[in-house]
Every structure is written in structure tokens, then in C-alpha cells.
Amino acid sequence: MSLTNDVIERVKVKNPAEPEFHQAVEEVMESLEPTVEKHPEFVKAGIYDRIVEPDRAILFRVPWADDRGNVQVNKGFRVQYNNAIGPYKGGLRFHPSVNLGIIKFLGFEQVFKNSLTTLPMGGGKGGSDFDPKGKSDGEVMRFCQAFMRELFRHIGPDVDVPAGDIGVGGREIGYLFGYYKKLRNEHTGVLTGKGIEWGGSLIRPEATGYGAVYFAAEMLNVKGESLEGKTALVSGSGNVAQFAIEKLLDLGAKPLTLSDSSGYIFDEEGIDRERLNFVMDLKNIRRGRIKEYVETYKNAVYTPVDSNQDFNPLWNHKADVAFPSATQNEINAKDAQNLVSNGAKAISEGANMPTTPEGIKVFMDSGILYGLGKAANAGGVAVSGLEMSQNSLRLSWSREEVDNKLKGIMHSIQKDAYETSKAYGDPGNYPMGANIAGFTKVAKAMLAYGVV
């Protein structure tokens, strides 16, 4: 058995009942096998075993009072995974599905994603099983304040800088930052995704979606193609999906789909700017469900989730490019095959680990351009890093400056992943190239520090 397979087996034994974490480690470690022979110094220093263990995992109780005065209790998590190249950096996720294994998988992915951005950021992730859906602003505020009462002692602008993720948008970041500021009596760049009036960066809400589209454009460019005139499937309807659609429209593509946990809409006429504005109001202001789209746009079709199906029909439409932007494991082998069979040229992942291992195999065997999440959706954390820089410098860059920096970072990530895949004998294998490029930078820093 190879060294990396040994590491995978040890992770499974030492971390039982954490399938998402096992999946993330397996996907990365299998890609890293070619580095074992090339870097015997990493083997000698135990880097492969050390990099799969987080520096620390913090678990805490979050008691808060709902609007009826009843005390509710949730679990809070922060996994500080690796700070070899900079402060821990990664989002907070508020969703009922959150558990330690999911936070570890997200933190582990974040280490390599942040490394790829070219910015000095380590990796971490956190969150809670609290569900903001259906809660009043007062309840969300009281929960965020209770969550920060414990988290504040573990974070700081040079230690750990959280951001938003699923269930944590501008409202939640505002409540979290306001309470951190109250507890610490200081205004520092400890959270990113802040409002522009109080330390945020232009383009931050747009960054993950924009970045995924820029990455797709960069991959197509290698093949002499562009997004102009291409049709696109997009899952999700949150920030990532909304701004992926906005940038697709900027680049001349035609988005056809959006979804939420209840189902998805398919609009053959294309989701234009007017329809996108409707979705933004529906999701960001009214906090409604995507099925309401077809009440206004009658030619669109809404399909509810069918738990008896072994595939997602959203991915079974003819389109040129696809942007899975909802959640982990939303594309299985059958979905991947449907995308390939329907002529998709490129997949650019806006979500974290949205494709199962079996789905990835279908993509890789087909030769499709496949931009895995840690490379394709790194735009969000890249602009979070730029927000940290602006906070440290006490200044604010223009929208154009930030967008140009984001575009440059996504170009660098694509180039680095492609050149690394080429150097290791498999040009265009973006998963291998991105994993090796991200890992090598972190591993060299860990090597330099000795056994710590």
C-alpha cells in the first residue's frame, strides 16, 4: 500500500463517522501520490500525517433565548486547521447539517484553497447547527451574540479571521462583528464580509460567484474558447449562484437554472438581469422560495425535489457549462454522466466539494474541463484576504481595483494548477494540479518550522 493510502486509512480509523472528512482527505491524498517520490523530505518530516490533523478543534455550547423567551441550545464549532502560511482563515456555516466532520472537511479544503490564492492565509472553518431560516432578526441577533461570546476568545486579526458561509450573510456578520467589537473594545479586521461602511471590501459578496466564472473562462481560454454565447446551468440561489449569474451575463453567457432545497427552476429564455434582480429581492430581502419565480415568469418550469430519484434533474439539461453552487455532494456519477452526455464543456465548482468521488471520475474519464472547488471557488476567500489587507492599511480600494485583483488571482490559480499538472505529467488535470500546488506551498512552510 502506498504512503498516501496509509494516511487515508489512518484518518478513517482515527476519525470514525465523519464521511465528508474522509472523502476530502481521500480526494487530496490520492492526488498527492506523485509528490511522495519527488519530495522525500516531506516523507521524512511526517508532513503527510501532520497535514491531515487540525491544529485544534474547538467545540462549545451556544445557549440563546427565542422570541417566546424559551432557551434554545445549539452546538458551536471552530476548527483551526493549519496556519503555516498565515492566520487561520475560513467561513462560519449556520445550518442544521453542521457537525464536527463537516467542519473538518471544510477546514481541510480551506488550507489548500487559501494556499492557491497566493495570499498569506492559513485554513480554518467553523459554524453551528443553528438554522437561521424562519428565525426573526432578533432571534438571529441573540444567537450570533451568544455564539460570539465564546468564539471571541479564539480569534483575532493576526490569529484567526472568520467569514461567512451557508446561512451566514451580511446580517449575521454584522451581529457577530458588532458583538466582537463590544467584547474586545477594538475595531479590527477580525471578520470579513463586513458592510462597506464599517470595514468591508467592495466585490466581497460577489467574489465567489465571480471567481468561479473567471476560472471557467480561464480554462476555456486554454482551449481557445470563451463564455460568449454559452448556455450555463447554475445550482443554488444564494450569493454564489446569484453573482455567478451576474458575471455570466457580463461575459455574454446565458444562465438557465437556479435552485434551493425545495427544487429548481429552468428558464429556457435565460435568466436575464431583470429576472436576476427578482431572484435577489426574493432571496435576500423577502427570503422566499425559488418556486415563486415561476409565478412571475410563466414560461419557466419549477421542479420540486424528488427524494425517490437517484439523480438531480437540474443537471440533465443541455448546456455548455455548469456551476454547482449549492452544497457538498450535489452531483453524483449519474448527474456527471448526464452533464457529459448533454455536451457540457466545463464544470466550475462554486460550492465546496459538490461532486462525489464517483462523479469526479466520470468527469476525469470524459476529458471535460473540471475546475474543482478549492481552485474554482477560491475567489471568495481571495477577496476576504484583500479585505484583510485593506483593514490593515486602513483604506478602501475601488470596485474596479478589487475586481482586477480578483481576476488576476483566478488567472494565477488556473495557471498554477495547469502548470503543476503539466509538470507532473498530466496536463489539464486540474484536481491533481491544484491539490499538489496548494499542498507543496504549505508543506514547505511546515518543513521550515521543524516539528511543531
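Could you sort out which of 12/422; 89/254; 44/415; 345/441; 75/133; 14/181 sit more than 27 Å apart by Cα distance in this structure?
Values: 12/422 31 Å; 89/254 34 Å; 44/415 30 Å; 345/441 30 Å; 75/133 17 Å; 14/181 38 Å.
Long pairs (Cα-Cα over 27 Å): 12/422; 89/254; 44/415; 345/441; 14/181.
If you average the sequence gap of Cα pairs under 8 Å that are 6 or more apart and divide by the length of the chain, what percent do you get for the contact order? Could the numbers behind the result be given before it?
Numbers: 938 pairs, mean separation 68.5, N = 452.
Contact order relative to length: 15 percent.
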message: With n ≥ 4 as the cut-off for DSSP H runs, can you work out [θ] at 222 nm for the chain, using -39500 (n - 2.57) per run divided by the number of residues, rounded to the nearest 500?
response: -14500 deg cm²/dmol
task: Quick one: what are the phi-derived ³J(HN,Hα) couplings along segment 411-416, Karplus 6.51/-1.76/1.60 with θ = phi - 60°, whole Hz, x for glycine and proline?
output: 4, 5, 5, 4, 5, 4
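Using the Cα gyration tensor of segment 387-449, with a ≥ b ≥ c the square roots of its eigenvalues, what is the shape: rounded (a/c below 1.5), prolate (a/b larger than b/c) or oblate (neither)?
Numbers: a/c = 4.85, a/b = 1.59, b/c = 3.04.
Cα axes put segment 387-449 in the oblate bin.
Could you please rank 223, 441, placing first whichever residue has the fewest other Cβ atoms within 10 Å of its Cβ?
On the way: 223 11, 441 18.
Ordered by Cβ neighbours within 10 Å, fewest first: 223, 441.
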Proximal charge balance of residue 97 [Cβ under 10 Å; K/R count +1, D/E count -1]: -2
query: For segment 65-75, what does the Karplus curve 6.51 cos²θ - 1.76 cosθ + 1.60, with θ = phi - 60°, yield as ³J(HN,Hα) per residue in whole Hz, taken in order and with x for Gly and Pro?
result: 9, 7, 5, 8, x, 7, 7, 10, 10, 10, 9
- request: Can you bin segment 1-53 into rounded, prolate or oblate? Criterion: square roots of the alpha carbon gyration tensor eigenvalues sorted a ≥ b ≥ c, rounded for a/c under 1.5, prolate for a/b above b/c, oblate for the rest.
  value: prolate
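Excluding residue 402 itself, what net charge comes from residues whose Cβ is under 11 Å from its Cβ, given Lys and Arg +1 and Asp and Glu -1?
On the way: positive: 204, 399, 405, 407; negative: 206, 387, 400, 401, 403.
Overall, the nearby charge balance is -1.
So what's the net charge close to residue 122: Lys and Arg +1, Asp and Glu -1, counting the other residues with Cβ under 10 Å from its Cβ? Mind showing how you got there, number by number?
Details: positive: 89; negative: 55, 160.
Net local charge, residue 122 excluded: -1.
State, as an integer percentage, the relative contact order of segment 207-375 based on alpha-carbon contacts under 8 Å between residues 6 or more apart.
On the way: 362 pairs, mean separation 37.6, N = 169.
For segment 207-375, the relative contact order is 22 percent.
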statement: Amide H contacts under 5 Å for residue 72, restricted to residues at least 5 apart in sequence or on another chain and with H modeled in the peptide plane, are 64, 65, 66
statement: Ordered by fewest other Cβ atoms within 10 Å, a rough proxy for footprinting exposure, 297, 48, 302 read 297, 302, 48
- line: Under 5 Å from the placed amide H of residue 371, counting only residues 5+ away or on other chains, we find 347, 348, 349
- request: Search the structure for amide H atoms under 5 Å from the amide H of residue 81, placed 1.01 Å from N in the peptide plane, and list their residues when 5 or more places away or on another chain.
  value: 55, 123, 124, 125
- prompt: Can you give the percent of C-alpha pairs in segment 185-247 whose distance is more than 13 Å?
  reply: 69
- prompt: Quick one: what Rg and Dmax do you get for segment 54-187 from the alpha carbons, in Å?
  reply: 14.3, 48
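For the chain, what proportion of DSSP beta bridges, expressed in % and rounded to the nearest 5, is antiparallel?
Details: 25 of 44 bridges.
Given both bridge residues lie in the chain, the antiparallel proportion sits at roughly 55 percent.
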task: Tabulate in residue order the Karplus-calculated ³J(HN,Hα) for segment 319-324, using 6.51 cos²θ - 1.76 cosθ + 1.60 with θ = phi - 60°, rounded to whole Hz; enter x for Gly and Pro.
output: 7, 8, 9, 9, 10, x
message: Run the simple label-point estimate for residue 392 and residue 33 please: 7 Å along Cα→C-beta, distance reported in nm.
response: 3.9
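Under 8 Å for C-alpha pairs, at least 6 residues apart: give me the relative contact order for segment 54-187, rounded to a whole percent.
About 28 percent, as a whole number.
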- prompt: Taking Cα centroids, how far is segment 329-375 from segment 45-68 in Å?
  reply: 29
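What does the C-alpha gyration tensor say about the overall shape of segment 207-375? Classify as rounded when a/c is under 1.5, otherwise prolate if a/b is larger than b/c, or oblate. Walk me through the numbers on the way to the answer.
On the way: a/c = 1.64, a/b = 1.24, b/c = 1.32.
It is oblate, given that a/c is not under 1.5 and a/b is not larger than b/c.
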Convex hull projection area averaged over all views, the chain, Cα basis, nm²: 21.1
- prompt: Using the count of nearby Cβ atoms within 10 Å as a rough guide to exposure, how do 364, 219, 29 rank from fewest to most?
  reply: 364, 29, 219
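Readers should treat all values here as calculations from the given coordinates under stated rules, not as data from a laboratory. Given the structure is predicted, the values throughout are model-derived calculations rather than measurements. Quick reminder, even Gly has a Cβ in these numbers, built from the backbone with ideal geometry, and neighbours come from all protein chains shown.
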